[in-house]
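Asks: Sharing a structure with you now.
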Amino acid sequence: MRTLLPLALLLAACGGSHAPSVPPLLDLPIPPDARTMGPRCPKPGSEQLAAPTVKGPAPMRPPVTHVPVPSAVQAIVDAADRDPEDKKLDAGRHPGEVLAFLGLKPGDRVAEVGAGGGYTTELLARAVGPRGKLWGVNSAFIMKFAEKPWGERLKKPVMRNVVRVDKEFDAPLPPDAKNLDAVVISLLYHDIVWMGVDRDKMNRAVLDSLRHGGQYVVIDHSGLEGSGTEDVKTTHRIDELFVIRDVERAGFHHVGSGDFLRNQADTRDWNDSPREAGERRGTSDRFVLRFIKP
């Protein structure tokens, strides 16, 4: 039996608790030294974790997209050679709707920042097909835990179009990852906040990597309105408006959102990390944001 390693539960707070640490939603065995590993902490005075509340008037919100799943996309999700463990996550992750929202085409060039063990990466790789190319990015810290499942997944024939990228998230993409059609970051943005990543630098790097009109899609667990970043290490959520303003600061335009991961019944006051969520795993209210490079 493998143990799910939520980043939320296992990554220790900088200078605080000595709780064990591991990246989010990676279906990995807990390494024996997990309790001694810690994240890269931000330098004093340089962290962007400040500003826990979002002030000022809310921006105009673009239309919400209701996503039907085309048969070709459903065929990707239903592929017989997908790992059964991945398919167990599908009910809560809604991969068909995610792919339909992205609208990727065969031959597209895509990157995923925070590939982890590769659940989403493999779906993206199947969507762009053998003529496409996908860069799967993991930081050194995540690779302490993702090395084995990520390495095993990359051996699959369907992953031949995937380039493994080991880079820090401040500057996540290699020089050849240019004129991309899309960049995706899924269920990780709240983590890069407390990990001390220079988000402005990261988002500008993503902007530079995209073609004009290329999309940057951010999916994450929704925090309470006005909470900013105050819950990124407790309930492992982040305020949607905070993320919109964070990304737009790099020069992106927020042009749309998806509603297929929304759950109005979610009180948004409980820990949605896999180990803590228990039977509620996959039921958190999540936002799906589409930004475009102008």
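The values are calculated or read from the model by the stated rules, or taken from the named source; none is laboratory data. Owing to the predicted nature of the structure, the values given are computational and were not obtained by experimental measurement. Positions of Cβ are generated from backbone atoms using ideal geometry, with glycine treated the same way; all protein chains shown enter the neighbour counts. Side chains are part of the model used for accessible areas, which takes the heavy atoms of the whole protein and leaves out ligands, DNA and RNA. Shrake-Rupley method; radii C 1.70, N 1.55, O 1.52, S 1.80 Å.
Asks: Check Val163, Val137 and return the single one that is β-branched (Val, Ile, Thr) and surrounded by fewer than 19 Cβ atoms within 10 Å (Cβ to Cβ). Break it down stepwise before answering.
Replies: Working: Val137 fails: surrounded by fewer than 19 Cβ atoms within 10 Å (Cβ to Cβ).
Sole residue among the options that is β-branched (Val, Ile, Thr) and surrounded by fewer than 19 Cβ atoms within 10 Å (Cβ to Cβ): Val163.
Asks: Name every residue in the range 157-167 that is touching a residue at least 60 places away in the same chain (Cβ under 8 Å) and within 14 Å of Ala115 (Cβ to Cβ), in order of residue number.
Replies: Scanning the range 157-167 gives no hits.
Asks: Tell me which of these Gly228 doesn't satisfy, since it passes every other one: (1) over 17 Å from the mean Cα position of the chain (by Cα); (2) within 19 Å of Ala115 (Cα to Cα).
Replies: Among (1) over 17 Å from the mean Cα position of the chain (by Cα); (2) within 19 Å of Ala115 (Cα to Cα), Gly228 violates only (2).
Asks: Oh, and also: Within the range 188-212, track down each residue that is open to solvent by less than 30 Å² (accessible area, probe 1.4 Å), outside any helix (DSSP H, G or I) and farther than 16 Å from Ile244 by Cα.
Replies: Met195, Gly196, Val197, Leu210
Asks: Scanning the range 71-93 for residues that are at pLDDT 95 or above and farther than 19 Å from Lys156 by Cβ, which turns out least open to solvent (accessible area, probe 1.4 Å)?
Replies: Looking at residues that are at pLDDT 95 or above and farther than 19 Å from Lys156 by Cβ, I get Val73.
Asks: For the structure I just gave you, tell me whether Pro175 is more than 15 Å from Ala79 (Cβ to Cβ) and either crowded, with 22+ Cβ neighbours inside 10 Å or of a type outside the set (Phe, Trp, Tyr) (or both).
Replies: For Pro175, the condition - more than 15 Å from Ala79 (Cβ to Cβ) and either crowded, with 22+ Cβ neighbours inside 10 Å or of a type outside the set (Phe, Trp, Tyr) (or both) - is met.
Asks: Anything in the range 200-233 that is among the acidic types (Asp, Glu) and closer than 30 Å to Ala265 by Cα? List them, or say none.
Replies: Correct list: Asp220, Glu225, Glu230, Asp231.
Asks: Looking at the range 113-149 only, could you name the residues that are of a type in the set (Val, Ile, Thr) and closer than 18 Å to Gly92 by Cα?
Replies: Matches in the range 113-149: Thr120, Thr121.
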